[in-house]
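Undergrad: To start, I am sharing the structure in question, which I have written as structure tokens.
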Amino acid sequence: MSDMLSVAEALARVLGSATPREREDVPLARAFGRTLAADVAARRRQPPADLSAMDGYAVRFADLADLSRPLTLVGESAAGHGYHGALEPGQTVRIFTGAPVPPGADTILIQENAEAAGSRIFARERPQEKRHIRRAGLDFEPGDVLLKAGTRLGAAEIALAAAMNHPALPCTRKPRVAIIANGDELKLPGDEIGPDQIVASNSFAIAAFVEGAGGEPLDLGIAADTVEALEAKIVAAREANADVIVTLGGASVGDHDLVKPALARQGMELSFWKIAMRPGKPLIHGHVGETAILGLPGNPVSSIVCGALFLVPLIRALSGDPAAGADHSEPAVLGAALPANDHRQDYLRAGLSRNADGVLVATPAKQQDSSMLRVLAASECLLIRGPNAREDEAGAPCRVIRLRQGW
């Protein structure tokens with residue numbers, strides 16, 4: 001047991017050597033999901049001028065002291081086609097949402113509260129002074145730093161960058177992640193499958209993790225069960241300038257577990273290869289030159305759980321995310337009693353609900369075998385059981401990590 005790292009220590013080692021990739025300018029239209037490599041400041045004022053927030057009439061508030069006196073309509077201001085004269089006492093301009101407020105006007109009389117009789121405009125009621133005007137610079141001013149380095153760009157951030165007048169953004173290069181499955185028993189979906197073979201699924205899940213976390217997956221296919229075949233795939237990954245090599249299967253200590261020897265022949269500096277967790281005890285971490293290595297277990301659920309806990313944070317760290325190692329767990333209570341735990345940290349597949357008090361309830365699936373993808377796909381969270389946790393009754397506090405949030 002002493003040679004097995006805790007999950008927290010293993011993650012610290014994985015992230016400890018992760019340096020963000022180099023910066024590149026990315027056109028705004030292709031920047032969704034990318035991570036900023038530098039702060040981004042506004043290049044213009046938003047709004048650029050005082051704009052109307054409603055359809056109606058631009059007026060001088062002082063002219064509405066006597067509602068029986070009409071205003072004289074002298075023009076129109078629409079978005080992109082403003083009225084360029086100055087408003088004189090007793091005058092008004094028809095105005096539309098997003099249109100510039102003409103000089104001299106200080107209030108918008110909304111059209112529902114106005115009555116038109118030719119060029120004479122009557123106010124049915126007096127609005128509040130300065131009402132319905134979006135002031136110049138209300139959103140931001142030139143030089144305001146609105147997007148920080150390390151921000152992952154979603155739809156709102158892309159829209160903000162566009163409004164700030166940036167056609168391209170400084171982003172961290174996407175980490176390239178080579179994926180190598182290992183095992184004579186593996187066949188791709190749709191291939192002819194022999195009686196002693198199974199369908200390979202892990203590589204598809206890991207590629208999805210990589211893409212979802214902001215990386216670039218490079219699937220190198222299935223290596224046969226020989227050190228030479230594995231080594232050839234590792235060489236191919238390095239020649240493709242992979243930042244990370246992920247191997248799937250063969251990470252344990254059996255006669256057919258050849259990943260460690262193949263990596264050793266390529267000069268891997270081993271960081272660790274066993275973690276006190278379930279599922280997923282055999283997990284290799286190290287480096288071959290500048291390339292990070294993650295050797296994930298072959299069991300599908302073990303591979304996916306380890307990918308979520310270690311590969312996704314690694315990709316985020318290589319992308320320059322300062323919160324790559326953040327704890328995304330949240331409090332809940334148990335929906336069923338659980339026995340005492342041993343020295344390994346458990347990640348139980350579980351469903352989620354809420355009790356009458358609105359508290360999150362995590363109910364573990366009855367079957368927790370690490371080969372059962374059906375159970376994982378039907379689960380909504382991983383229920384965390386710490387090492388040596390005591391026996392707990394239903395209703396006891398626990399912590400969970402929600403599934404399908406970025407993976």
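The values are calculated or read from the model by the stated rules, or taken from the named source; none is laboratory data. Only a predicted model underlies this, so the values are computations on that prediction, with no experimental measurement involved. All Cβ positions, even for glycine, are placed from backbone atoms using ideal geometry, and neighbour counts span all protein chains on display. All accessible areas refer to the heavy atoms of the entire protein, side chains included, with ligands and DNA or RNA removed. Shrake-Rupley method; radii C 1.70, N 1.55, O 1.52, S 1.80 Å.
Undergrad: What full-extension length gain, to one decimal in nm, is calculated for Ser68 and Asn388 as 0.36 nm per residue of separation minus the Cα-Cα distance?
TA: Extra length available between Ser68 and Asn388 comes to 107.0 nm.
Undergrad: Please quote Rg/Rh for the stretch 1-111 to two decimal places, taking the Kirkwood radius as Rh and restricting both calculations to Cα atoms.
TA: 1.47
Undergrad: Mind telling me which of Leu67, Leu218, Leu283 comes out most flexible in a GNM of the chain, alpha-carbon contacts under 10 Å?
TA: The residue with the greatest mean-square fluctuation here is Leu67.
Undergrad: Another question about this same structure. Provide the net charge surrounding Pro48, with neighbours chosen by a C-beta distance below 12 Å and charges set as Lys +1, Arg +1, Asp -1, Glu -1.
TA: Every neighbour counted, the sum reads +2.
Undergrad: Turning to a different aspect of this structure: Residues with amide H under 5 Å of Arg349's amide H, sequence separation 5 or more or different chain, H placed in the peptide plane at 1.01 Å from N; which?
TA: The answer is Ala365, Leu383.
Undergrad: Of Gln345, Ser371, Pro331, which is farthest on the positive side of the dipole of the stretch 316-379, counting Cα position, with +1 on Lys and Arg Cβ, -1 on Asp and Glu Cβ, and the Cα centre as origin?
TA: Value: Ser371.
Undergrad: I want to verify a result. In a Gaussian network model of the chain, Cα cutoff 10 Å, which of these has the top mean-square fluctuation: Ser379, Ser119, Ser17?
TA: With Cα springs under 10 Å in the chain, the top fluctuation among Ser379, Ser119, Ser17 is at Ser119.
Undergrad: Let me ask you something else. What residues qualify as long-range amide H neighbours of Ala99, i.e. H under 5 Å apart, gap of 5 or more or another chain, H built at 1.01 Å from N?
TA: Hits under the 5 Å cutoff: Ser52, Ala79.
Undergrad: Okay, next question. What size of dipole, in debye to the nearest 20, comes out for the stretch 259-407 about its Cα centre when the only charges are +1 on Lys and Arg C-beta atoms and -1 on Asp and Glu C-beta atoms?
TA: Computed charge dipole of the stretch 259-407: roughly 380 debye.
Undergrad: Measuring from centroid to centroid over Cα atoms, what is the spacing of the stretch 10-33 and the stretch 142-164 in Å?
TA: For the stretch 10-33 versus the stretch 142-164, the Cα centre distance is 17 Å.
Undergrad: Continuing with this model, one more query. Give the calculated FRET efficiency between Ala136 and Ala38 to the nearest 0.05, with a Förster radius of 30 Å applied to their Cβ-Cβ distance.
TA: Using R0 = 30 Å, I get an efficiency of 0.65.
Undergrad: Another question about this same structure. Quote the relative contact order of the stretch 270-407 in percent (integer), defining contacts as alpha-carbon pairs under 8 Å separated by 6+ residues.
TA: 25 percent
Undergrad: Count the DSSP beta bridges whose two residues both fall in the stretch 237-335, then state the antiparallel fraction as a percent rounded to the nearest 5.
TA: 65 percent
Undergrad: Which value, in debye to the nearest 20, gives the size of the charge dipole of the stretch 206-252 about its Cα centre, when Lys and Arg are +1 and Asp and Glu are -1 at the Cβ?
TA: The dipole of the stretch 206-252 has a size of about 60 debye.
Undergrad: Let me ask something additional. Which of the listed residues, Leu270, Val305, Ala317, is farthest toward the dipole's positive end in the stretch 249-320, when Lys, Arg count +1 and Asp, Glu count -1 at the beta-carbon?
TA: Val305
Undergrad: Among DSSP bridges having both ends in the chain, what percentage is antiparallel? Round to the nearest 5. Could you put the intermediate results ahead of the total?
TA: Values: 55 of 83 bridges.
Expressed as a percentage, antiparallel bridges in the chain total about 65.
Undergrad: Please list, by residue number, every one of the GluC sites (Glu not before Pro) in the stretch 225-326 that is coil in DSSP and has at most 16 other beta-carbon atoms within 10 Å.
TA: Glu290
Undergrad: Suppose the Debye formula is applied to equal point scatterers at every Cα of the chain; what is log10 I(q)/I(0) at q = 0.06, 0.11, 0.12, 0.15 Å⁻¹?
TA: The calculated log intensity ratios at q = 0.06, 0.11, 0.12, 0.15 Å⁻¹ are -0.41, -0.85, -0.94, -1.26.
Undergrad: Then there's this: Given only helices, namely DSSP H runs of n ≥ 4 each adding -39500 (n - 2.57), what is the per-residue ellipticity at 222 nm of the chain, to the nearest 500 deg cm²/dmol? Don't skip to the answer; put the middle values down first.
TA: Numbers: 8 runs with 71 residues, N = 407.
Helices in the chain give a 222 nm mean residue ellipticity of -5000 deg cm²/dmol.
Undergrad: If you plug each phi of the stretch 332-348 into the Karplus form 6.51 cos²θ - 1.76 cosθ + 1.60 with θ = phi - 60°, what whole-Hz ³J(HN,Hα) values come out, in order, with x for Gly and Pro?
TA: 7, 10, 6, x, 7, 5, 10, x, 4, 9, 8, 7, 9, 7, 9, 10, 8
Undergrad: Sticking with this structure for a sec: Give me the net charge of Ile222's neighbourhood, meaning all other residues with Cβ under 12 Å from the Cβ of Ile222; Lys, Arg count +1, Asp, Glu -1.
TA: My count for the surroundings of Ile222 gives -3.
Undergrad: Stretch Phe61-Ala117 to full length: gain in nm at 0.36 nm per residue minus the Cα-Cα span? Provide the component values of the computation, followed by the final result.
TA: Values: separation 56, 0.36 × 56 = 20.16 nm, distance 2.02 nm.
Here the answer is 18.1 nm.
Undergrad: Keeping every protein chain present and rolling a 1.4 Å probe, give me the accessible area per residue for the chain in Å².
TA: Normalised by residue count, the accessible surface of the chain is 48 Å².
Undergrad: Please name whichever of Val177, Ala163, Gly82 sits farthest to the positive end of the charge dipole of the stretch 76-193, dipole taken about the Cα centre and charges placed at Cβ: Lys and Arg +1, Asp and Glu -1.
TA: Gly82
Undergrad: Karplus couplings for the stretch 143-148 from phi (6.51 cos²θ - 1.76 cosθ + 1.60, θ = phi - 60°), rounded to Hz, Gly and Pro as x?
TA: Ordered by residue, 3J(HN,Hα) equals x, 5, 7, 10, 10, 9 Hz.
Undergrad: Fully extended, how many nm does the chain gain between Val359 and Glu380 (0.36 nm per residue separation, minus their Cα-Cα distance)?
TA: Numbers: separation 21, 0.36 × 21 = 7.56 nm, distance 1.55 nm.
Gain on stretching Val359 to Glu380: 6.0 nm.
Undergrad: Under Stokes-Einstein, with the Kirkwood radius over Cα pairs standing in for Rh, what whole-number D in µm²/s applies to the stretch 32-96 at 25 °C and 0.890 mPa s?
TA: 166 µm²/s
Undergrad: Further, regarding this structure: Let me check against my output: what whole-number percent is the relative contact order of the chain, with C-alpha pairs under 8 Å and at least 6 apart?
TA: Result for the chain is 16 percent.
Undergrad: Using only Cα atoms, what Kirkwood radius does the stretch 200-346 have, in angstroms? Intermediate values should be presented prior to the final figure.
TA: Details: mean 1/r = 0.0618 Å⁻¹.
Averaging 1/r across every pair of different Cα atoms and inverting gives 16.2 Å.
Undergrad: Further question on the same structure: What ranking, highest mean first, results for peptides 106-112, 384-390 when packing means the other Cβ atoms within 10 Å averaged over each residue?
TA: For the peptides 106-112, 384-390, the packing ranking is 106-112, 384-390.
Undergrad: Lys and Arg at +1, Asp and Glu at -1: add these up for the other residues within a Cβ distance under 15 Å of Ala117 and post the number.
TA: The answer is +3.
Undergrad: How big is the dipole moment of the stretch 149-274 about its Cα centre under a simple scheme where the beta carbon of each Lys and Arg is +1, that of each Asp and Glu is -1, and everything else is neutral? Debye, nearest 20, please. Write out the running numbers ahead of the final one.
TA: Values: 10 positive and 17 negative charges, 140 e Å.
The dipole magnitude comes to about 680 debye.
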